[in-house]
Each structure stands twice: as structure tokens, then as C-alpha cells.
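Data block below; observations after.
Derivation of every value follows stated rules applied to the coordinates shown; laboratory data play no part. Nothing here was measured: the structure is a model prediction, and the numbers come from that model. A quick note on method: Cβ atoms are made from the backbone with ideal geometry, for glycine too, and the neighbour counts reach across all protein chains shown.
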Amino acid sequence: MKRVWFSWFSFLFCFFVSPLLAQGRFPLDLEYTAAVERVSRSFVSIYVLPEGQKSLILDRNTIYGAGVIIDRNGLILTCSRLVEKSRHTIYVFPTTGERFQAKILGINRQYGVALLKVAASNLTPISFADSRKVLAGKLSLKFGNAFQTSKDFTPSVSVGTVSGVVRFPSLGPLLRTDAAVNQGDFGGPLTDSKGRLLGILLPIWVSSRTNTYVSYAVPSHTLQKLLVDLKSGYLGILMTVEETKRGGALIEEVDPAGPAAKAGILRGDIIVEFGGVSIESTAELVRALRKYMAGDRVQILLRRRGELFRTYVILSRRK
Amino acid sequence: MLRKTYLLVFLFFSASIFANEALEKAFQLAAQKVKNSVVQLQVEAVPIRPRRSFHFFRTNPRGSGDVRYLARRTVSGLVVDASGYILTDANHLAGKVRRVEVILPSGKRLRAKVLGQDLRFNLALLQVSSSKPLPVPSWGNSQNLKVGNFVLAIGKAYDYRSPSVSWGIVSALDRFSGRCLQTDAPISPANTGGALVNLEGKVVGIPVIMSTRVGVNSGIGFAIPTHIFQKLLPHLKKPGIVKPAFLGVSFSIGQAPQGVKLETVVPNSAAQKAGLKPGDYLLTVNGQKLKSGLDLRKILLNKVAGEEITLTYRRGKETHQIRLKLGQRPRS
Amino acid sequence: MRFPLVWLGVFLGLPFSFGSSSLLAQAKTQERRAILEQARAIEKFFIQTIEKVRPTVVVIRVERKIGGISRFGGGSGVFIDKNGYILTNEHVIHQASRIWVGVPGKNLIPAKLLGVDKEGDLAVLKIPGKNWPVAQFGDSQNLKVGQWVLAMGNPFSLAEDFTCTVTKGIISGLHRVQGGIKMYGDAIQTDAGINPGNSGGPLFDMYGKLIGINGRISIREGRRVNVGVGYAIPVHQIKNFIEPLKRGENVRHAFLGVSFSPELKKVKGVRIQQVLPNSSAAKAGLRPGDVIIRFQGQPIRSFTRLQNLISVLPAGTKVTFTILRNGVERKITVKLGYRR
């Protein structure tokens, strides 16, 4: 009985692992090079240059980092520390040799993640791994732009284990990795050995700018949640959540610096139509708003003291 | 029968298609096996001004360079005996220790007593009194380790429930005159004092900080192998600092096919009392033939004061055998 | 081929996977055994490769007399010929008054310095004796990022018995340019732990073939320890210089003598900004404004690529450029000189 089991087992073992080992080939090489190739297509180097700088001369003061493409139409995730500086131009370099200027769609300060947009339509997005299933001991790959050592915008790749999943007060879980994360790697992707996104590397809690074998990444399932907010544009109004339908969404407060104020929307107005979709309740407006990104121009139908108004608003990015 | 086979096929396929996946799962299984034996320690200590260590090989954890310790630190420890003995890195007990608490994976806190410390190996033993026996890990054979063996460094410094797991290979054996093995697993404050386990989840060593010169992030980490710290445990159970043996001779560590030539003999040392003189050639210690000065140094480093050894030496053309009791290093 | 089989397994297995619990438990232990077996197979691969090549690695000790005071330093090296030829970094033996080589099981052996490649940071030493274990040269031009590597050497002079330290890692990047006095023009970047003392030590692939000589690390702020960014001189560069070095000649690297400006605007090829007078570029008639589009038939898309290709060549190599001048393609052949 046992022998049958064993023979089956050894048969299968020979069949799957050994072809490589029997030929004297190292099985991990194939898997890792394939993963690197896959992720490289979605990897970007990010350089933040002072406005007006024409040439790409990189010096000590250049802000540089990495990011990852998550949508073929030019959505890029990175860490917010990299791009926050105002009056700077953000350049994004995929490994294909193209170069893009990026604008910020949204920033989440709690986690330190930023979403960028570039004018492209043919990028290769990375696929997401389910980071909820990650256990300590998982092997991971880090892709970054360490010390801007790569002049041709190919990533610097390191291997390490996910040494643990940590919960910090006021934050959700973060992945801790012992892969070598240095200055310039921040914002880059941490992937599993199949090249699927596990997280975005953070520069927080790093006292020095070099690797100390303890780095943190925002896990991919948190990123997916954050993305919903990061993607949606900012309107600049405050509403009370009402369960009952009142034939529109009542605006309680208007951000004086927000796009709504600029479009002439006042406190007490009721939005009845947003981008051609009729709005019955606050919840419906929130849902409708999520379909738009920062920079989108949306037509709004308002009711003010019984009269209907039509206006346009250009959504800004979330701060 | 057929059913079982199919089931096996199914499980096999779902588990181990990719070599890497099998590796990760093996790591996770190994970590599972040892995770309850690695405990978190909370140490409250008043830092004292560090003395400068003047010799590289005599790294004194209490005075080692620029590692700055906070008054309160959370570190890892390893259960070595179910009755309540916990081993850790002596560096963690630097300063004037006020209080040490052990936090078991269940969250239970136990007050620990500091027993012996050995500064050659940077190990310290703690004792707790627990109503239930503590989970002892299974011990691996650290004498059979080869360079290239996979090891995992397991620590609890960040979280007393779930361990931090780092992977590496054995980089070299017999470092620091045979005191420890070297690994490229990231040995950091997260796991020193914890456990170094092999693929089966058996403990083959305890990660320690041996030298501040190499830093904590260099791909160079050290661990005291299990067979060495097991031998030390009886000495560590006595409170206080373990007194290293002192023979009182100097010699060069190079190859010595003729025997290890003694260069100087310290007055009033065990060697002088036994009648050894400069120019003598040491041939064997406890029956073990010396091939180099390093061999002699390795043997002596593993002895404590008061142990007896048998030496054979050659003076001129005659070979002598003596038995002597090793002394203590004189204060100077 | 893999995936249809997976599905076959799933479809066949699924109806039966709700069997008795003891069966499941049994299968689970079986599965765990299979996992461990597979992990062990990979571990064995590491051990076997290491055992094969570890004897080829040596420790290098040097004495430097600076102002009458002798200072000791060291590094690592690797046997490349069974008659005792050892490859190491030039900076390891730089200004050394005496050099020794440490081999496990032996006392330090005095070594003779043969050839030196200052720009390429290479040196060849020789010790007496025959039948030394030799590291085989691999192919460093067909490496892939993500491939596993083993770095060996003697970091921080830890080896009292001259046994080397082995660290594992992957290739982090290829074709890295690390300038300076020593030009690492086509370096292999790795995250295997490389520290002071590893210099001159070999970088092996998982088959035990020598692919590079570790020579440099990126460090920023603070102490000279590895941060996971190390560079190795690739073997395809070493092969171009090794014969004269073994003969005891000092070699020079090829140098073109042009500068480029990195532009945000896209150009096909690379545009020359300046031409150094009296350089091989000037002699060949290259002018500012010319765009180099091909070198030795290979398309050039970036300045870095051109640097990669030229820096691994010895001075005196005859090469062919294809350039664009005023929209017209031209071929220029030039014998490359060296930096003066």
C-alpha cells in the first residue's frame, strides 16, 4: 500500500521537478527570470525635475524613485513622498525607452501612496496578487531604481523574504520585507516570484537612506481599496448621507478652494444630474463621482430654490 | 486505491508545480514548527556608557562600539528547556538590567531571572517559572551543516504572536575561531536571540551579534551552532559571567605540521605551573591532534576556567604528557 | 505543456477530494513531504555547486608601506589556471609592497604580481605549484536579470583559516555603468552580499561557472558595508584582457573621446556633443552633431549602451561606427586608442 503511494509520488516528482534538475538546470532561475521579464514591462523609473529643466542631467538633488503601471491607459502607482514637491515636473520612464510627463491624480497621505497619470494608451499593467494570503517566509522580488544606478531605466531587482505582516496602529496591515530596499527603490513594486504585485515599497521608518533589511510595503489588497478613492476626482462638496431618496443630493458645505466653488455651486443646492446620470440620493452621487478621474469635465444639473441650472465642473485631484 | 491516487495527484499538482512555491511553503512549514519556541523578551535596562572594546576577537557586548541601546527594548529569545530556560543574545542584556519579561505566544507574560552569561559566545540564559511546560523546539544536527544549507532566521522582536522569517544560506562554518557559523540570512535586531532553523524546522543555531564591525545589514550574520550552545548550558545555569579558560601561552595560528610552537608562557598561569616553556611544541589536546595553531585556539575557546585537559608536547626530542587544570584570565 | 496537465489533475482529483478525513490528513503529510523533498532538491543544488567551486577561491593579503609604516590589507581572488594564476582586483593589490595568497589548509603563500589593468580594475597574480583547482569561465553575455548567483570571498577578513564566505543573491541588473578612475563599463549588478574584502572574489552562476569578479558596491552615507547593491566585472570583458595580463603586461582600455548630452527629447541613436582633440574619435573624423546609430553592426539607442560596448574592448581594437551626418548614413572605421 505504502509502496504504491511512494511510487506515485516519486513518479510525479521525477516528472515535474526533476526534468530540470536531471538536466542539471537550476529550477529557480527560470521562474525568477520569467518574473523579472514580466514585471519589467510594467516597471517605471520616476524622476522629479525642477520646472524648466530641459535636459535630463541627474545630480545629487534630483528626486528619483520607481513606480508601477496598473492600467494600460497610463495609471501609475508610486509613493507620495516622491512626487509631493510642488513646482516640479514628474517624468516617467518605462523600460520600453519611451518617456512621459505625469500628473498627479490622487495622493493618500495615510499610507503614503500616490496615483499618477500619463498620456499613454498601450502600457502593460502589472497583475495583482492577493496579499491577504501572504504568510511570513514568502519569497519576494523588489524592483526599484536604487541609487539611480541604472542609466537605461531597467529596474534593479533584489530578492528577499516577506519576513512578516505587521499591523501598525491607525494603519491596516503592511508587509515587511528583508529584500534590499535603498534610496530610489521607494514607490517601486514588491512582487511574488510569479511577478504579481504584492505591494508598493514605502520610505517610512527608514532612518537612513540605505537598506536595513526592514522595509515596508503597502499590500496589494489595501492598494485596490485605496485606488477607488485615488482614481475618483475631487468635487469639493460635503453632503449628509441620507438613506431616503429626496430627488437629488443636497450640498451642505462647499470647499471654497474646490472645483465646485469655482463652478459656482453654492451651499443648499441640490444636484439632480451628474454627467448625464440622474441623481436621486447622496449615495448615487458618490457612486457617479467614482467613475470620473481628476481633470475630467463633468456636466452638472442643479436645483436652486426650485430652479434648474446647468453648469460644468472640472474635477481636481484629492489632497 | 484509485481514489487515493487521484487525490494525491490533485494535492500534488495544487501544491508543487513551481519549485519556488515549494520552497516558500517549506519555509512556512519550517517556521510553523518553531514559532512557539521563539518568544518575545521585553528588557528594561539602564544604559551604561560603553567601554571601547580594544580587541576585535574579544568583542565585549557591554562595550561594543556604536550599537546604541534604548532603555527598553523588545527582542527575541529561544526556549531551550521545557522547565523554563530561555536562551538569548547577551547583547540584549547590556547595561544595568532592571527587569526582563518573557511574552509567550499566548500573550502570557512571565517575569524572568537572568542566570549566566557567556561573553565569548554572547549568550545569556534566562529562567522563568511557568505552570505549564514551555514548548521546546526540535534540535537539528548543526555539526552536519554544509556551506549552502538553507537556514531561516526566526525572531519575535516585532510581534509576540507571529514570527519574522528571513531566508539565507550557510555562508561559512567555524568563524571567530570556531565559535559560530556565518549566514547570509539577514541577522538583524528582529531575530538575534531567536532561532536559526533548517528546512525541517529544526534549530541549528541561535543568531547573535558577534561583531559590530560588519554592521547589521551587510549580508553577514552569525549564529552560535546548537552543538556548541548545548554544551554551554550547564555553565550558563549558574548566575554570573562564565569565566573563559586561560592556559597562558601564546602561539601563531598558522599551520603547524610539527606541532604548535609556544612563543611565550605567562608567569603564574596554568601553563607555567604545569611546566610548559617557550619553544615547546604542543602535539595533542585531550587526544586530538593539533594541525594548526587555530586548532588549539578553537579548543581552548570552548573551555571554561577549572576544566582539566591532557596535553602532549615535545621538548627537544622527548615527548611528554601532562594533565593540567585551566585557570582564569588574570585581570589586567 | 504544464497547464493542461494541471487541469487534468484538477478535474480528475476534484470529485475525489471530499474523501474521508484520515485520507485527507494522509495526503497532507504526503504533500508536505513532497514540498520538503523539492525544497531539499534545490538546497542540494546550492550545496553541490558551492562544494565544486569553493576551493578555487583564495584570500589575498597585502602589505603597503605608506610613509615607512607598513599597513596590511586584503581581499579575495580566484584561480583561473591550474598553474597558479589568480585573478583579483587591481585596487586590492594597489601599491602593495608584498602580496600573499591564503589557501585553506596552508600557510600564506607569497605571490608574484604579473599584469595589471588599472582602468578595468583587474590584476593577475601567480603562486608556485601545479594542479590548483580552477574556476571555469562562463558566458556573461547571455545572463538574465533574476538569475541566481553566488558571491564568494573574504569580507572583513573573517576567514582565519582562509575558507571563503558564500552569499547568494540574484542578478539585479545588467550593463551597469559605474564611472570613476576605475571604469566599470558593463557591470553585473547583484544583491548578493558583497562587502569590503570581497573585492577580487568571484561571482558564480548556479552551475559554478565564473561570470564576474566582484569589485565594487554602492554605499551612501555611513559605513562601508553592503546594502544589497554590488557590481562585478563581467567575464566577457576579462576574456579580452586575460592573455596579456597573464604574460605580465599592463593593458589599456579602448577610449573613444566623445561626450554626449542626455536630452529629454528623443533622438534615434546618440548625438555627439563634443569631440576630444587628438582622441581616436577626432582622428576618425567624428564631429559634434553626428549621431551614432550603430556600433559594430549593433544598433545603439543610448549612450550607456555605447559605453558598455566600448569599455570592454582593449585599446587598439579596430571598430566600425555607422553615423548619421546631415541625414546621410556613413560608415567610419577607427582604431580605438586609450585615454591619455
- Message: I need to check one value: relative contact order of chain C, counting alpha carbon pairs closer than 8 Å and at least 6 residues apart, in percent.
- Response: 13 percent
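Short version: what are the Cα gyration tensor semi-axes of the stretch A:131-230, square root of 5 times each eigenvalue, largest first, in whole Å?
They are 20, 15, 14 Å, listed largest first.
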- Task: Treat each spin label as a single point 7 Å out from the Cα along the C-beta direction, and report the B:VAL266 to B:GLN32 distance in nm.
- Result: 5.2 nm
- Please give the FRET efficiency for B:THR310 paired with C:LEU24, using the beta carbon to beta carbon distance and R0 = 56 Å, rounded to the nearest 0.05. 0.45
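For the protein assembly as shown, what is one quarter of the convex hull surface built on the Cα atoms, given in nm²? Write out the running numbers ahead of the final one.
Working: hull surface 203.2 nm².
Its Cα hull, projected and averaged over all orientations, spans 50.8 nm².
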- Message: As a footprinting exposure proxy, order C:ILE310, C:ILE171, C:ILE80 by other Cβ within 10 Å, with the fewest listed first.
- Response: C:ILE310, C:ILE80, C:ILE171
- For the stretch A:280-319 and the stretch B:254-332, compute the distance between their C-alpha centroids and round to whole Å. 89 Å
- Message: Can you give me the long-range amide H partners of C:ARG294? Hydrogens built in the peptide plane at 1.01 Å from N, cutoff under 5 Å, separation of 5 or more residues or another chain.
- Response: C:ILE300, C:THR322
- Task: Pop out the ³J(HN,Hα) list for the stretch C:80-93 in order, Karplus 6.51 cos²θ - 1.76 cosθ + 1.60 with θ = phi - 60°, rounded to Hz; leave Gly and Pro as x.
- Result: 10, 8, 6, 8, x, 7, 10, 9, 8, 7, 5, 5, 5, 9
- Item | Hydrodynamic radius of the stretch C:110-253 per Kirkwood, over alpha carbon pairs, in Å | 15.6 Å
- Note on the structure: Expressed as a whole-number percentage, the relative contact order of the stretch B:142-239 with C-alpha contacts under 8 angstrom and at least six residues apart is 26 percent
- Once you've got the Cα coordinates, tell me which of C:LYS112/C:LYS318; B:LYS113/B:LYS243; B:LYS238/B:LYS325; C:LYS239/C:LYS283 are over 22 Å apart. C:LYS112/C:LYS318; C:LYS239/C:LYS283
- Query: Among B:SER138, B:SER130, which comes first, second and so on when ranked by fewest other beta-carbon atoms within 10 Å?
  - Reply: B:SER138, B:SER130
- What number, rounded to the nearest 500 deg cm²/dmol, is the helix-based mean residue ellipticity at 222 nm of the protein assembly as shown, given -39500 (n - 2.57) per DSSP H run of at least four residues and division by all its residues? -5500 deg cm²/dmol
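Can you put B:ASP118, A:ASP185, B:ASP174, C:ASP186 in order of Cβ neighbours within 10 angstrom, beginning with the fewest?
B:ASP174, B:ASP118, C:ASP186, A:ASP185
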